[in-house]
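Note sheet for the following structure.
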Amino acid sequence: MMNRNLKDWVIATRPWSFPASSMSVVVTVAYLFGISDTQGFVVDWVNAALLLLMMVLFQASGNLISDSYDFRKGVDRDDTLNGVTWILDGKFNAGEIRRYGLAVLSVCVALGLVLVYRTDMDVLWLGIVGSLLAAFYPWLKYHAMGDYVILLCYAILPSLGTSIVITGQPNLMAVVLSLSYGLITVGILHSNNTRDIRNDRRAGIRTLAIQMGCGKAHVAYAVEMVIPYLIIVACACFGNLPWYALFTLMTVPGAMKNLRQMMDSGFEEAEPIATLDQQTAQHQLMFSLLLAASCIASAFV
């Protein structure tokens with residue numbers, strides 16, 4: 001076993017992926033803060049901070065648990081593009097990574113119980129569902145359900161939970177809004193799985209990209225890139241968002257660049273879209289930050 005330091009333990013959680021989960025809390029808090037005066041509620045910033053920390057750790061635990069299973073299942077190998085090198089190079093073994101993930105998940109559960117104590121029992125059920133989905137995510141991903149789990153865990157459930165813990169009540173519009181950045185978040189996983197179709201099939205697993213086939217998988221990615229803008233435009237037109245939420249359209253060129261890269265890749269070619277998951281993650285971050293900024297601005301303009 002190689003020598004390891006704190007940096008190695010942090011890198012093993014894949015911290016560059018954290019915006020995928022944290023933005024669900026950031027955007028929902030921003031939206032609710034923007035309408036707080038007109039709706040007559042006060043945002044609980046302590047609960048917001050606790051929930052943001054919990055969501056980041058939640059994703060870290062999911063990353064770790066998934067990485068350990070991918071290695072054991074033979075999904076990540078020496079010839080796998082962007083494989084989990086910290087297991088492949090022997091810095092950690094799969095068992096350690098899995099135990100690490102479960103330990104981080106335990107911290108999430110503890111934070112969730114604190115939020116339940118500070119708010120409402122309804123949050124407990126959301127936490128239980130989220131924890132179960134995280135723990136069983138590898139199995140669900142291997143049976144073509146990973147994309148749906150990501151939409152639930154990194155968009156719908158967090159937005160619903162955030163509205164409850166910071167205002168004391170659910171907000172349907174916050175959940176609708178979560179579908180915009182949530183679909184881009186799903187696109188991160190979907191681009192990864194589309195790139196890895198041959199590798200995943202070799203390992204004997206079945207992702208949604210494999211189930212769809214390469215052509216339909218490309219179309220699905222297009223839907224995940226286009227629908228978010230239609231949601232924002234519709235919400236702005238109907239007055240659910242301020243007009244300056246349309247500043248999110250500034251990210252359209254990046255979305256189109258990613259989309260062309262996906263569409264131009266050949267049948268089951270991995271190299272042309274080797275880093276598309278990372279590019280999609282960067283796109284999700286910029287889209288979400290602009291959306292959050294527009295919601296916050298509505299409280300002052």
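The values are calculated or read from the model by the stated rules, or taken from the named source; none is laboratory data. These figures come from a predicted structure and were not determined experimentally. Neighbour counts run over all protein chains shown; Cβ positions are idealised from the backbone, glycine included. Areas reflect the complete protein model, heavy atoms only, side chains present, ligands, DNA and RNA absent. Shrake-Rupley method; radii C 1.70, N 1.55, O 1.52, S 1.80 Å.
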(message) Once neighbouring chains are kept in place and the probe is 1.4 Å, which whole percent of the accessible area of the chain is contributed by carbon and sulfur?
(response) 67
(request) Using the heavy atoms of the protein chains and a 1.4 angstrom probe, tell me the accessible area per residue for the range 189-298 in square angstrom. (result) 45
(message) Suppose R0 equals 45 Å. What FRET efficiency, 1/(1 + (r/R0)^6) with r the Cβ-Cβ distance, do residue 227 and residue 99 give to the nearest 0.05?
(response) 0.70
(request) Run down the lysines and flag those whose C-alpha is under 25 Å from the C-alpha of residue 7, throwing out any fewer than 8 positions away in its chain. (result) 91
(message) Once ligands and nucleic acids are excluded and a 1.4 Å probe is used, how much of residue 202 is accessible, expressed in Å² to the nearest 10?
(response) 110
(message) Between the range 114-150 and the range 170-205, what is the separation of their alpha carbon centroids in Å?
(response) 16
(request) Grab the beta carbon distance between residue 124 and residue 41, set R0 = 25 Å, and tell me the FRET efficiency rounded to 0.05. (result) 0.70
(request) Quote to one decimal, in nm, the extra length available between residue 73 and residue 206 on full extension: 0.36 nm per residue of separation minus the C-alpha distance between them. (result) 46.7 nm
(request) State, to one decimal in nm, how far the label point of residue 249 lies from the label point of residue 8, with both points 7 Å from Cα in the Cβ direction. (result) 5.1
(message) Taking the solvent-accessible surface of protein heavy atoms with a 1.4 Å probe, what is the per residue accessible area of the range 40-136 in Å²?
(response) 48
(message) If every alpha-carbon in the chain counts as one equal scatterer, what log10 I(q)/I(0) does Debye give at q = 0.07, 0.14, 0.16 1/Å?
(response) -0.27, -1.05, -1.30
(request) Evaluate E = 1/(1 + (r/R0)^6) for residue 148 and residue 301, where r is the Cβ-Cβ distance and R0 equals 45 Å; express this FRET efficiency to the nearest 0.05. (result) 0.75
(message) Highest mean first, how do 6-16, 231-241, 288-298 rank when packing is the count of other Cβ atoms within 10 Å averaged over residues?
(response) 288-298, 231-241, 6-16
(request) Specify whether the C-alpha gyration tensor of the range 103-186 places it in the rounded, prolate or oblate class, a ≥ b ≥ c being the square roots of the eigenvalues: rounded for a/c under 1.5, otherwise prolate if a/b is larger than b/c and oblate if not. (result) oblate
